[in-house]
Amino acid sequence: MSRRTQTEDNTSAVGRSQQAVPWGTILLLAVAAVLYVAMLGTISFSAGGGDAAFGKAMASLFATTGLWIALIGLLIAAGIMGEMPRWAVFVAVFLVPFSGAATFAAIDMCSRRIAWAVVFPVVLPLLIAIYALWIRMPGLRTVFSAERASTVAWALVLVLSGAALLTASII
């Protein structure tokens, strides 16, 4: 085999590996989707008491914690395999736990019959998952630059998380 043919084979192999289906990301996304549905299923709009309320709260705790662990896994995979800006990695280290706490607070607000607070647990995980998927998939990054999308996504996470926690402290 000539040197040129070997180089062409290596180049085409690299091109195929960059276009390969990210099965790990898809698996993490599927796990996150199941946990997302489980978390949404545990949101209660009544302030009932007793063992049933405690059981629902524990289910919510486990589903939400599991979801945030899956989202962290998605972000790690996206950061390693995708094109996540370095500053966005540092921002994510602080905003992902912040958004998790905001989601817990919003779920608690829902249990106190503040129905509109369901917006936070619905939107925050979706926003983080879509951002991680966008960072990981090269075809999705053609619309916006990594800098612009990271700025918009993390600014939205900050604003929504801050709004949820501020609202929970006031109401």
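Some notes on this structure:
- Residue within segment 145-164 that is surrounded by 15 or more Cβ atoms within 10 Å (Cβ to Cβ), outside any helix (DSSP H, G or I), in contact (Cβ under 8 Å) with a residue 24 or more places away in the chain and hydrophobic (A, V, I, L, M, F, W, C) present: no
- Residue match in segment 16-38 (condition: of a type outside the set (A, V, I, L, M, F, W, C), modelled with pLDDT of 95 or more, within 17 Å of the chain's Cα centre (by Cα) and closer than 21 Å to LEU156 by Cβ): yes
- Residue that is surrounded by the most Cβ atoms within 10 Å (Cβ to Cβ) [pool: residues in segment 34-47 that are within 14 Å of VAL122 (Cα to Cα) and touching a residue at least 24 places away in the same chain (Cβ under 8 Å)]: MET39
- Residue list for segment 132-154, restricted to those being more than 17 Å from the chain's Cα centre (by Cα) and of a type in the set (S, T, N, Q): THR142, SER145
- A single member of ALA33, ALA38 is within 29 Å of ARG112 (Cα to Cα), in contact with a helix residue (DSSP H, G or I) (Cβ under 6 Å, 6 or more places away or on another chain), of a type outside the set (S, T, N, Q) and not in a loop (DSSP other than H, G, I, E, B), and it is ALA38.
- Every condition in (1) among the aliphatic types (A, V, I, L, M); (2) under 19 Å from ALA32 (Cα atoms); (3) buried (at least 21 other Cβ atoms within 10 Å of the Cβ) holds for LEU127 except the one numbered (3).
The values are calculated or read from the model by the stated rules, or taken from the named source; none is laboratory data. Nothing here was measured: the structure is a model prediction, and the numbers come from that model. Don't worry about glycine lacking a Cβ; one is built from the backbone with ideal geometry, like all the others, and counts go over all protein chains shown.
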